[in-house]
Amino acid sequence: YDSLRDDLTGLRQGLSGTLRLGVIPAAMPSVAFLSARFASAHPAAGIAIQSLTSRAIQRGLGAFELDGGLTYLENEPLEHVRRVPLYRERYVFLTHRGHPMARRRQITWAQALVERLCLLSEDMQNRRILNNIAASIGVPITAPVVSNSFLGVCAHIRHGAWSSIVPHTFFHVFGGNPDLVAVDLVEPVHTQAIGLVLSDRDPPSPMASALLACTREADFETVFTGVGLSE
């Protein structure tokens, strides 16, 4: 009913209503680029963004509670969705400027995993990705502090007693903080695809169609080029 009403209203006076987006915490630094394109194309429409796990995004799309989501596309792929790749996430060791590793340009995963870490909690797919990488090199992850929010992670890194492993896009939001340094992780260099997911329904809702149109010619990779490097 809401989709039909939005469609009829859009034909008369342009798309209105509210775009409902579910976004995993790891993709929050990138969502503003998508919402800015949508708002420019549809100034009468509002945007409601929820921080959700990938599994909650799957449920929200299936129940028509979300118009779209930003999430991982490969690690634990969602079912019955249309996928639009936007960029590849890589990982950096985030630490306080006074940390012994802060002056290095690269460190290995094995070196990073033995540090005192604050990471996302196990219910987050980002953490499960880190667990898989650690298992692949035979080094267990021990995190004395966990949080389901990157804001909680950032607070602990700023305190100086903890370090973390975060997506390189994290520094797009927190990179202006002079106390924080991001060091690229190697051995292995690992990336994960982040993208837009929409319900695989035909026809798509007006909001979903409008959101999909906003991804055309959008270059997220260039936006984040160079983000996350230590000075």
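The values are calculated or read from the model by the stated rules, or taken from the named source; none is laboratory data. The structure displayed is predicted, hence computed values, not measured ones. Neighbour counts run over all protein chains shown; Cβ positions are idealised from the backbone, glycine included. Quick note on the areas: whole protein, heavy atoms, side chains included, nothing else; ligands and nucleic acids left out. Shrake-Rupley method; radii C 1.70, N 1.55, O 1.52, S 1.80 Å.
Over all directions, average the projected area of the Cα convex hull of the chain and note it in nm².
For the Cα atoms of the chain, the hull's average projected area reads 12.5 nm².
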At q = 0.17, 0.23 Å⁻¹, base-10 log of I(q)/I(0) for the stretch 141-231 (Debye sum, equal scatterers on each alpha carbon)
-0.90, -1.22
Give me the one-decimal Kirkwood hydrodynamic radius in Å for the stretch 94-208, with the sum taken over alpha-carbon pairs.
15.4 Å
Under 15 Å from a label point 7 Å along Cα→Cβ of Ala155: give me every residue in the stretch 113-129 with its amide N that close.
118-121
Taking the 0 to 90 degree range and rounding to the nearest ten, how far is the long axis of helix 28-41 tilted relative to the main principal axis of the chain, both from C-alpha atoms?
30 degrees
Looking at the stretch 29-121, which trypsin sites (Lys or Arg not before Pro) are in a loop (DSSP not H, G, I, E or B) and have at most 10 other Cβ atoms within 10 Å?
Arg105
Distance from the stretch 85-133 to the stretch 40-60 (C-alpha centre basis), Å
27 Å
Calculated from DSSP H runs of 4 or more alone, at -39500 (n - 2.57) each and per residue, what is the 222 nm mean residue ellipticity of the chain, nearest 500?
-9500 deg cm²/dmol
Looking at the stretch 34-133 from every direction and averaging, what is the projected area of its Cα convex hull in nm²?
9.0 nm²
Protein-only accessible surface order, largest first, of Val92, Val114 at 1.4 Å
Val114, Val92
Run the dipole for the stretch 41-93 about the Cα centre, Lys and Arg Cβ at +1, Asp and Glu Cβ at -1, nothing else charged, and hand back the magnitude in debye, nearest 20.
100 debye
Computed for the chain: size of charge dipole around the Cα centre, +1 on C-beta of each Lys and Arg, -1 on C-beta of each Asp and Glu, debye to nearest 20, value 380 debye
Once you place label points 7 Å from the Cα toward the Cβ at Val31 and Asn75, how far apart are they in nm?
1.7 nm
Three principal axis extents, largest first, for the C-alpha atoms of the stretch 46-96, in Å?
42, 25, 18
Expressed to two decimals, the stretch 17-83 has a Cα Rg over Rh, using the Kirkwood radius, of 0.96
